[in-house]
Amino acid sequence: MIANNLLGFFKTNNLVWGTLVIALILLSILAIVFLIGWKVNRTYPQSIEGLFRELKERYDRGEISKKEYEDIKRDTFKSVFQLKNYLKLFK
């Protein structure tokens, strides 16, 4: 008798429970996306100047050699220049 009453309760409230489960899943996904975005924004430099500042700090700490520093700097300048030229095509 009790089992039938519980089963009836869940049958009549499937829409409510389904909606709550979907809402919980969506909120979890939004929380994960927010946390990932927050972590990425804190980790990576927001500008080219920040990138070069971080590169210079790594060189100063001795994490990279002079040759690596110059290679990365040259390649980054080249990439930024190409990107700026590419974006000019769409103005």
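The values are calculated or read from the model by the stated rules, or taken from the named source; none is laboratory data. Computed from a predicted structure; not experimentally measured. Heads up, the Cβs are rebuilt from the backbone with ideal geometry, glycines too, and the neighbour counts pull from every protein chain shown.
Of note:
- Selection of first residues in region 74-87 that are assigned by TED's automatic domain parsing to the domain that holds Leu55 and of second residues that are surrounded by 10 or more Cβ atoms within 10 Å (Cβ to Cβ) and aliphatic (A, V, I, L, M), restricted to Cβ pairs under 8 Å at least 6 apart or on distinct chains, gives the following pairs, ordered by first then second residue: Thr76/Ile48; Thr76/Leu51; Thr76/Leu55; Val80/Ile48.
- Among the residues making up region 51-91, those that are surrounded by 10 or more Cβ atoms within 10 Å (Cβ to Cβ), at pLDDT 80 or above and not charged (D, E, K, R) are Leu51, Phe52, Leu55, Tyr59, Ile64, Ser65, Tyr69, Ile72, Thr76, Phe77, Ser79.
- Here Pro45 clears all of (1) touching an Asp or Glu at 6+ places or on another chain (Cβ under 8 Å); (2) modelled with pLDDT of 70 or more; (3) of a type outside the set (A, V, I, L, M, F, W, C) except the condition numbered (2).
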